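Taking it in order: structure first as structure tokens, then the write-up.
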Amino acid sequence: MGEKTAEALPRRALFGGNGTAGVMPWTDPQRIFERCTGCGACTRACPEGIVTSGRGGHPYIEFTSACTFCGACAEACPEDVFDTARTPPMAAVARIGESCFEPLGISCRACEDACPEMALRTRPQLGGTARVEVSDAACTGCGACVSVCPVNAVEIVPNA
Ligand code: SF4
Ligand code: SF4
Ligand code: SF4
């Protein structure tokens, strides 16, 4: 019998919202809370359409696609919410949740394939299963790994 694969399952079948309050480049939850007026300029400016208005109109990214770090959100903001001198821009990293296929012995690796930084590695474990590990040092928090996951297992979370 061959290796089980995820190919028979519809991609993004279980995809729902996947954003975390305060995850935005060049800023942080505290800065957003204190300085954002909820005007929506960043939401309108994002060419990827991934900036969403949360509570009070405060922005966060719904990673339906990756952040390209183009800077349009920061440029559009009329308040002092973004500090573009910050490096790296996103104080956030990927985390792999319990719904990931690999620990169940189902080969997937969609997130690993999608990562432009090679920050994800699928490590074989005893018993024919595997585990996806994140290198926090390499991860930019871009979110390219989020929407490709067929079971919505990847989250981008603040690393501070
Ligand atoms: S940096 Fe660009 S792609 Fe990323 S959230 Fe801001 S406007 Fe969108
Ligand atoms: S986290 Fe999602 S995309 Fe990555 S290996 Fe697991 S199931 Fe596949
Ligand atoms: S957030 Fe970006 S850099 Fe980090 S693991 Fe996902 S795809 Fe790779």
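Odds and ends about this structure:
- Within the stretch 125-137, residues that are within 13 Å of Cys111 (Cα to Cα) have Cβ atoms under 7 Å from residues that are of a type outside the set (Val, Ile, Thr) and within 16 Å of ligand 1 (Cβ to nearest atom) in these pairs: Val134/Ala94, counting only partners at least 6 apart in sequence or on another chain.
- Residue match in the stretch 102-118 (condition: open to solvent by less than 30 Å² (accessible area, probe 1.4 Å), within 12 Å of Pro25 (Cα to Cα), in contact (Cβ under 8 Å) with a residue 12 or more places away in the chain and under 17 Å from the mean Cα position of the chain (by Cα)): no
- Options Glu98, Glu112, Glu133: the member that is charged (D, E, K, R), farther than 18 Å from Phe63 by Cα and in contact with a Leu (Cβ under 8 Å, 6 or more places away or on another chain): Glu133
- Flag if Thr122 is open to solvent by 40 Å² or more (accessible area, probe 1.4 Å) and among the hydroxyl-bearing types (Ser, Thr, Tyr): no
- Picking from residues in the stretch 52-71 that are under 18 Å from the mean Cα position of the chain (by Cα) and away from ligand 3 (no atom under 16 Å from the Cβ), the one that is modelled with the lowest pLDDT is Gly54.
- Tally, over the stretch 116-147, of residues that are within 11 Å of ligand 2 (Cβ to nearest atom), in contact with a strand residue (DSSP E or B) (Cβ under 8 Å, 6 or more places away or on another chain) and in a loop (DSSP other than H, G, I, E, B): 2
- The number of residues in the stretch 150-160 being assigned to a loop (DSSP other than H, G, I, E, B) and touching a residue at least 60 places away in the same chain (Cβ under 8 Å) comes to 5.
- Those helices (runs of 4 or more DSSP H) lying entirely in the stretch 24-101 with at least 2 residues open to solvent by 80 Å² or more (accessible area, probe 1.4 Å): 29-35
- Count of residues meeting criterion [surrounded by 18 or more Cβ atoms within 10 Å (Cβ to Cβ) and of a type outside the set (Gly, Ala, Ser)] in the stretch 125-140: 4
The values are calculated or read from the model by the stated rules, or taken from the named source; none is laboratory data. Because the structure is predicted, anything quoted here is derived from the model rather than measured. Methodologically, a virtual Cβ is constructed for each residue, glycine included, from the backbone with ideal geometry; neighbour enumeration extends over all protein chains shown. What goes into the accessible areas is simple: the full protein's heavy atoms, side chains included, and nothing from ligands, DNA or RNA. Shrake-Rupley method; radii C 1.70, N 1.55, O 1.52, S 1.80 Å.
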